[in-house]
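Asker: Take this structure, written in structure tokens, and hold onto it; I'll ask about it next.
The values are calculated or read from the model by the stated rules, or taken from the named source; none is laboratory data. This one's a predicted model, so the numbers in the text were calculated from it and none came from an experiment. Here the Cβ positions follow ideal geometry from the backbone for every residue, glycine too, while neighbour counts run over all protein chains shown.
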Amino acid sequence: MGVSANTKFDIAAPPSVVMEVLHDIESLPEWSGPHKTAEVLEEYDDGLPKVVKVKVSMGPITDEQTLNYQWTDNSCTWDLIEGTQLAEQHGVYTITATDKGSRVDFSLDIELKVKLPGLIVRQGQKTAVDTAKKGLTKEVLKRAKG
């Protein structure tokens with residue numbers, strides 16, 4: 001069963017600060033509640049994270065995932081290499097400059113290995129969107145203030 005979560009929101013900080021937070025994969029547990037650990041296993045030549053191992057917990061589900069990241073100047077994309085609970089995962093943050101800061105477009109598509117009750121799936125979707133919006137915004141604003 002495929003599950004998708006999408007949201008768009010504005011942050012009163014420049015895109016460079018949003019991308020700085022996204023680049024800092026190992027800080028994920030500080031601003032993303034579901035992320036319990038995050039470790040960069042491999043980097044690109046420019047030092048950006050390429051292969052990352054995370055432990056994610058949402059409700060009764062805990063998943064250890066290995067993810068492949070790809071970067072542009074204004075986007076962060078990740079895909080599941082291996083997971084204990086997920087069969088597939090594709091996520092994207094796209095950042096666009098606005099006159100007041102940044103517009104963030106977030107999307108996450110996952111395919112579970114096992115069927116879960118609808119209520120748990122909906123809670124997971126809500127958590128993903130809330131984390132993308134509230135957690136990222138709070139961390140970006142904290143860093144923007146220095």
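Asker: Could you please let me know if V51 is in contact with an Asp or Glu (Cβ under 7 Å, 6 or more places away or on another chain), assigned to a strand (DSSP E or B) and of a type in the set (A, V, I, L, M, F, W, C)?
Answerer: When the stated conditions are applied, V51 passes them.
Asker: Within the stretch 103-136, work out how many residues are of a type in the set (V, I, T) and at pLDDT 95 or above.
Answerer: Count: 1.
Asker: Just a yes or no: is a residue in the stretch 23-35 farther than 20 Å from R143 by Cβ and at pLDDT below 95?
Answerer: The answer is yes, given that some residue of the stretch 23-35 is farther than 20 Å from R143 by Cβ and at pLDDT below 95.
Asker: Give the residue that is nearest to V92 (Cα to Cα), with candidates limited to residues of the stretch 13-33 that are assigned to a helix (DSSP H, G or I) and acidic (D, E).
Answerer: Step by step, filter the stretch 13-33, then rank; the result is E20.
Asker: Could you give every pair whose Cβ atoms fall below 6 Å, whose first residue belongs to the stretch 24-52 and is within 13 Å of Y69 (Cα to Cα), and whose second residue is in a loop (DSSP other than H, G, I, E, B), counting only separations of at least 6 or pairs across chains?
Answerer: K50/Y44
Asker: Another question, then. Quick check on T84: is it at pLDDT 95 or above, of a type in the set (V, I, T) and over 14 Å from the mean Cα position of the chain (by Cα)?
Answerer: Spelling it out, it is not the case that T84 is at pLDDT 95 or above, of a type in the set (V, I, T) and over 14 Å from the mean Cα position of the chain (by Cα).
Asker: May I ask you to verify whether A38 is in a loop (DSSP other than H, G, I, E, B), of a type outside the set (V, I, T) and surrounded by 14 or more Cβ atoms within 10 Å (Cβ to Cβ)?
Answerer: No, not satisfied.
Asker: I would also like to ask the following. Out of the residues in the stretch 63-72 that are without any contact (Cβ under 8 Å) to a residue 24 or more places away in the chain and not hydrophobic (A, V, I, L, M, F, W, C), which is surrounded by the fewest Cβ atoms within 10 Å (Cβ to Cβ)?
Answerer: It comes out as T72.
Asker: Among the residues of the stretch 12-21, is there at least one that is more than 18 Å from R143 (Cβ to Cβ) and surrounded by fewer than 14 Cβ atoms within 10 Å (Cβ to Cβ)?
Answerer: no
Asker: Restricting the search to the stretch 78-99, which residues are surrounded by 16 or more Cβ atoms within 10 Å (Cβ to Cβ) and closer than 21 Å to V51 by Cβ?
Answerer: W78, L80, G83, Q85, L86, Q89, G91, V92, Y93
Asker: Quick one: would you say M58 is touching a residue at least 60 places away in the same chain (Cβ under 8 Å) and in contact with a Pro (Cβ under 6 Å, 6 or more places away or on another chain)?
Answerer: yes
Asker: Here is a further query. Of all the residues that make up the stretch 39-57, how many are within 17 Å of H90 (Cα to Cα) and of a type in the set (A, V, I, L, M, F, W, C)?
Answerer: Total satisfying the criteria: 4.
Asker: Have a look at S75, S102 and point out the one that is in contact (Cβ under 8 Å) with a residue 40 or more places away in the chain and surrounded by 15 or more Cβ atoms within 10 Å (Cβ to Cβ).
Answerer: Matching residue, one of S75, S102: S102.
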